[in-house]
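The block underneath contains the structure these notes are about, expressed in structure tokens.
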Amino acid sequence: MTITSLVPLPVLLPLLGSGAALMLFRYPKAQRLVSVVVLALVVVVAAVLLVVVDQEGPQVVWLGGWSELGVALVADRLAALMLLVSAIVTLAVLLYSLGQGISDSNRSAPVSIYHPTFLTLVAGVSNAFLAGDLFNLFVSFEILLFASYVLLTLGGTGGRIRAGTIYVVVNALSSMLFLITIAAIYAAVGTLNLAQIAVRLDDLPDATQLMLHLLLLVTFSIKAAVFPLSLWLPDSYPTAPAPVTAVFAGLLTKVGVYAIIRTETLLFPGGELRTLLMVFAMASMLIGILGAIAQSDMKRLLSFTLVSHIGYMIFGIGLASGAGMAGAVFYVAHHITIQTALFLVVGLIERQAGSTALLRLGGLARLFPLLGVLFFVAGMNLAGIPPLSGFIGKVGLLEAGIADGGAMAWTLVVAGTVTSLLTLYAVAKSWSLAFWRSPQEAHAMAEELAVADGVQTADSPSVGRRGQVRLDTTSYDAGEVREAGAIVDGDRPDRDLHQRLEDDGMPTRLPVLMTAPAAALVAVSVAITVVAGPLYAYTERAALDLMDRGSYTSAVDEAAR
């Protein structure tokens, strides 16, 4: 057994585990054991691969030993880092979901379906990171789509079915575009192997190269939720169960970002579309964060920050420099961890307080001080407060933009700084309202808002065209006004935390088996800060590999002989 034999294992282990979990559908404990063991093994394999490829270069396997017809799996520094981060995150999410299932007595968690599907999702993510050809990458996205739809609609509520349908339709359209692009590339160069395409594309006319480049960029931008191709995301993710939302928000969009990095550096070096990428990056940053500020629900707020921070990664890619690429790779690794951790913490808030609507929350710092600490640390990391890893990633990207020196790069440096400040404002607003305001104050504001809505008419200058109501100096949108009306409704169909405390007393204690994985992932995000020096040096070496595509193509050619 050689070290290259490890390369297929991050794909094969979850697939075999999925089959085993499916056969064990009558034995939930055995399913849980299989899932945990498989994902723990994937973490170990990914860690070994990370060390090996850093010391010995890319590891390539042609499945079946067929270099002409077989499928190439390639583990280089970028792929190995993404594998390790995704394996850690999925293991944490799995443990969180096990805790949720046990805490809720499995009432809302169909375990027999969940485990095989979750392992299939992990296999698809790993396959995407290792794919050495475009068709295998397409298959990876299809595996993700299949597993995602099942996970999004777990429980079968109307909201989840609608959200899952939007998700599937958008991703099916992008898959169709991807398939058309694959056909066009094969017709143009006669191969789908990435290393071979990289060599043969240079012989094509510039117009043909540009058309293929645009097709791939649009396809992967939909997967990565780059604005304006991100409109599907805020309505799709928040309705899913907390662990599903966490892994989707933290990980799946990064598969699209990974595909953009891979194709931009390997197939289309030179950055012909770098200006377009920078425009997309700036639009994603600013419009995403402005959308986040306008939200009154913590899940939707985080979904919009996800769109916004995808902009930072596209900024680094658009710079088309080693420094920009290193910053982008570091930021992807950081953001997978921190976004997943935040969604897990918000899932705990929803479970304990019954809602993630800011209008319904208050006093969580006194009721659940540990939740306050976890949300604060993760939120400050997302905002990029020094010395946390978010700050280090943003500084790396801003320095790369300054080094570029172009007008567009400087514009993005300013936009990135403004976005960081607005992210801090959005997170601080959520933290202040949900944790430090008392539940009584939250309820009083809902009552005041409902009364103000009742006494104001459509002709009142305080009522906007879209039904928003102005109270004191703050404007509340129509959704918040409806939320306030539901809270103070005489029949109390939907209580806020103040009413829950009055009716039921103190909420139950935090479930240890859900809190521990969320806390562990927040700790991992802090640990990234501790090891930021060696990790950033690794991403710089990965960026050098990406900018000099020779190491990738040579490794694939050598393995094919």
Residue tally, condition free of Cβ contacts under 8 Å to residues at least 60 places away in the same chain, of a type in the set (Gly, Ala, Ser), closer than 26 Å to ALA559 by Cα and surrounded by 13 or more Cβ atoms within 10 Å (Cβ to Cβ), over the range 164-207: 1
Selection count, the range 5-28, where residues are surrounded by fewer than 18 Cβ atoms within 10 Å (Cβ to Cβ) and polar (S, T, N, Q): 1
Residue within the range 365-387 that is of a type in the set (Val, Ile, Thr) and either more than 26 Å from ALA240 (Cα to Cα) or free of Cβ contacts under 8 Å to residues at least 40 places away in the same chain (or both) present: yes
Check on ILE161, surrounded by fewer than 20 Cβ atoms within 10 Å (Cβ to Cβ) and under 28 Å from LEU521 (Cβ atoms): no
The range 140-187: number of residues that are over 22 Å from PHE129 (Cα atoms) and among the small types (Gly, Ala, Ser): 8
Residue match in the range 420-436 (condition: at pLDDT below 95, among the polar types (S, T, N, Q), open to solvent by 20 Å² or more (accessible area, probe 1.4 Å) and outside any helix (DSSP H, G or I)): no
First in the range 312-340 and closer than 9 Å to ALA543 by Cβ, second anywhere and among the acidic types (Asp, Glu), Cβ under 7 Å, 6 or more apart: SER321/ASP404; ALA323/GLU399; ALA326/GLU540
Residue within the range 26-41 that is in contact (Cβ under 8 Å) with a residue 12 or more places away in the chain and touching a Lys or Arg at 6+ places or on another chain (Cβ under 8 Å) present: no
Every pair of residues 6+ apart whose Cβ atoms lie under 6 Å, when the first sits in the range 232-245 and is more than 16 Å from VAL89 (Cα to Cα) while the second is in a loop (DSSP other than H, G, I, E, B): LEU233/ALA225; PRO241/LEU154
Subset of the range 471-493 [at pLDDT below 70 and surrounded by 15 or more Cβ atoms within 10 Å (Cβ to Cβ)]: LEU471
Helices (runs of 4 or more DSSP H) lying entirely in the range 297-386 (those with 2 or more residues that are farther than 28 Å from GLY101 by Cα): 298-319, 322-353, 369-383
Identity of the residue in the range 70-97, modelled with pLDDT of 80 or more and over 21 Å from the mean Cα position of the chain (by Cα), that ends up nearest to PHE135 (Cα to Cα): VAL71
TYR312, sole failed condition from (1) of a type in the set (Ser, Thr, Tyr); (2) under 18 Å from GLU399 (Cα atoms); (3) open to solvent by 10 Å² or more (accessible area, probe 1.4 Å): (3)
Residue within the range 29-48 that is open to solvent by 20 Å² or more (accessible area, probe 1.4 Å), out of contact with any Asp or Glu (no Cβ under 7 Å at 6 or more places or on another chain) and hydroxyl-bearing (Ser, Thr, Tyr) present: no
Residue match in the range 216-225 (condition: open to solvent by 20 Å² or more (accessible area, probe 1.4 Å) and touching a residue at least 60 places away in the same chain (Cβ under 8 Å)): no
Failed condition for GLY362, given (1) open to solvent by 10 Å² or more (accessible area, probe 1.4 Å); (2) more than 22 Å from the chain's Cα centre (by Cα): (1)
Failed item, numbered, when ARG160 is tested on (1) in contact with a Lys or Arg (Cβ under 8 Å, 6 or more places away or on another chain); (2) under 21 Å from GLU350 (Cβ atoms): (1)
Tally, over the range 400-416, of residues that are in contact with a helix residue (DSSP H, G or I) (Cβ under 7 Å, 6 or more places away or on another chain), within 20 Å of ILE385 (Cβ to Cβ) and of a type outside the set (Gly, Ala, Ser): 1
Count of the range 281-296 residues which are crowded, with 23+ Cβ neighbours inside 10 Å and within 18 Å of the chain's Cα centre (by Cα): 6
Within the range 365-385, considering residues that are open to solvent by 50 Å² or more (accessible area, probe 1.4 Å) and among the aliphatic types (A, V, I, L, M), the one nearest to ILE336 (Cα to Cα): ILE385
Test for LEU388: is it modelled with pLDDT of 95 or more and either of a type in the set (Lys, Arg) or open to solvent by 20 Å² or more (accessible area, probe 1.4 Å) (or both): no
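The values are calculated or read from the model by the stated rules, or taken from the named source; none is laboratory data. What you see is a predicted model, and the numbers here were worked out from it, not measured in a lab. No Cβ is skipped: glycine too gets one built from the backbone with ideal geometry, and neighbour counts run over all protein chains shown. Please note that ligands, DNA and RNA were not included when accessible areas were found on the heavy atoms of the full protein model with its side chains. Shrake-Rupley method; radii C 1.70, N 1.55, O 1.52, S 1.80 Å.
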